[in-house]
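Values in this text are rule-based calculations from the coordinates and carry no lab data. Note that this is a predicted model, so its numbers are computed, not measured. We place every Cβ from the backbone using ideal geometry, glycine too, and count neighbours over all the protein chains shown.
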Amino acid sequence: MRRVIVTDYAVQAEGIAKRYGDKYALDAFDLNVRQGTVHGLLGPNGAGKTTAVRILSTLLRLDGGHARVAGFDVARQPHQVRERIGLTGQYAAVDEVLTGRQNLEMFGRLFHLGGRRARLRAQELLERFDLTDAADRGAGKYSGGMRRRLDLAASMILAPEVLFLDEPTTGLDPRSRNEVWESVRALVADGTTVLLTTQYMEEADRLASHITVIDQGRAIADDTPDGLKTTVGGDLIEVVAMEVSDLRLVAKVVARVSDTEPEIIESERRVHAPVVDRVAALTEVARILQEESIAVEDIGLRRPSLDDVFLQLTGHRTIAEEAA
Ligand SMILES: Nc1ncnc2c1ncn2[C@@H]1O[C@H](COP(=O)(O)OP(=O)(O)OP(=O)(O)O)[C@@H](O)[C@H]1O
Ligand SMILES: [Mg+2]
């Protein structure tokens, strides 16, 4: 009899370690992804996102800890895991010689769909990803965004139980990015669980119901987007002064609408601070600046970036990988 383990989690990782030489790419990494949700894995370059995805999708062996995906152990039951997952890598894997349509039909046949169903599924996915016009052109001539959409379509052929998306929208224009987000939402509505890695706070915020922040191979925060934003302090007000000499004055004004000491970035003549009541804060700051005749180049609100999240969680900004 097959033992079925009932769990709310589609992905469970506990204390995962992965070492390259004497350097840990993942170190005591934990992750719990609830079934039927989009879970964001948010982190800067070199944090360990791709390593985590490759371990969970059985492409890489772990050096410590254990992980289950769709109820199966990635180390001991890799075949069962593979039957239930889809993966889109950070770098597109489509065949450049074939057309978009041929690529999708080929993947369909690889998954034993049979000729007719493979053709139907290819057509459906071409429509969903807005690739019908380019369907019969060689994929080698596609733009980066089109290739990424084709790659995504290929990973969605079977509507897998768990789908791993490694930076699915990096390098895409805003319109393509929105299309990808829509497709991910549609998949999840059909019951697929998605683990999505991203370097964009905004993307995690838009798509994920839960976010794990990863830094240097470890989970440093695990929360809902709202919880994380509360940690960061919600949106930021940002003022760009005309004159460097006005920066201190501007910071004083901004301080009146924020509970956090404003940050001054002198090289950009920029001052910013988190705010809770966005519109009231913006109105207030604009009013005082005008009253005191302080000239500004720009004033506005923006959502926290990954860098802002990091600054709050770790006390330092994201560090780009050395020797890249
Ligand atoms: N094959 C490898 N050999 C040696 N070191 C590796 C290898 N693959 C990854 N690393 C190292 O492991 C760490 C984590 O890398 P990983 O690719 O998982 O990061 P990432 O979060 O996906 O980054 P990015 O946002 O740049 O894709 C990095 O320090 C990286 O240099
Ligand atoms: Mg990566």
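When the helix-only estimate is applied to the chain (DSSP H runs of n ≥ 4, each -39,500 (n - 2.57), divided by the residue count), what is the mean residue ellipticity at 222 nm, nearest 500 deg cm²/dmol?
Calculated mean residue ellipticity at 222 nm is -10500 deg cm²/dmol.
Using Cα positions and a limit of under 17 Å, work out the lysines in reach of residue 18, with same-chain residues fewer than 8 apart set aside.
Qualifying lysines at Cα under 17 Å: 49.
What is the gain in length, in nm to one decimal, between residue 244 and residue 141 on full extension, counting 0.36 nm per residue of separation less the C-alpha to C-alpha distance?
32.3 nm
With r defined as the distance between the Cβ atoms of residue 295 and residue 267 and R0 fixed at 25 Å, what FRET efficiency is calculated, to the nearest 0.05?
After rounding, the FRET efficiency stands at 0.85.
Compute the signed sum of charges (Lys and Arg +1, Asp and Glu -1) over the other residues within less than 9 Å, Cβ to Cβ, of residue 211.
That sum, taken over residues with Cβ under 9 Å, equals -3.
Using per-residue counts of other Cβ atoms within 10 Å, averaged over each peptide, order 282-288, 308-314 from highest down.
308-314, 282-288
For the chain, build the charge dipole from Cβ charges (+1 Lys, Arg; -1 Asp, Glu) around the Cα centre, then report which of 62, 271, 170 sits farthest towards its positive end.
Result: 62.
Just want the answer: with Cβ charges of +1 for Lys and Arg and -1 for Asp and Glu, which residue in 17, 296, 236 is farthest toward the dipole's positive end in the chain?
Checked the options; the winner is 17.
Counting Lys and Arg as +1 and Asp and Glu as -1, each charge on the Cβ, what is the dipole of the chain about the Cα centre in debye, to the nearest 20?
The dipole magnitude comes to about 1800 debye.
If Rh is defined by the Kirkwood formula over all Cα pairs and Rg also comes from Cα, what ratio Rg/Rh do you get for the chain?
1.05
Relative to the compact-globule scaling 2.2 N^0.38 Å, provide the ratio for the alpha-carbon radius of gyration of the range 233-314.
Relative to the 2.2 N^0.38 Å estimate, the range 233-314 comes out at 1.01.
Taking the range 72-219 as the region of interest, what is the percent of Cα-Cα pairs per 10 angstrom bin, listed from the shortest bin to the one with the maximum distance?
11, 40, 35, 13, 1
Find the relative contact order for the chain and round it to a whole percent, using C-alpha pairs within less than 8 Å whose residues are 6+ positions apart.
Values: 638 pairs, mean separation 61.9, N = 324.
Computed value for the chain: 19 percent relative contact order.
Can you tell which of 70, 153, 139 shows the greatest fluctuation in a Gaussian network model of the chain with Cα springs below 10 Å?
Evaluated over the chain, the most mobile residue of the options is 139.
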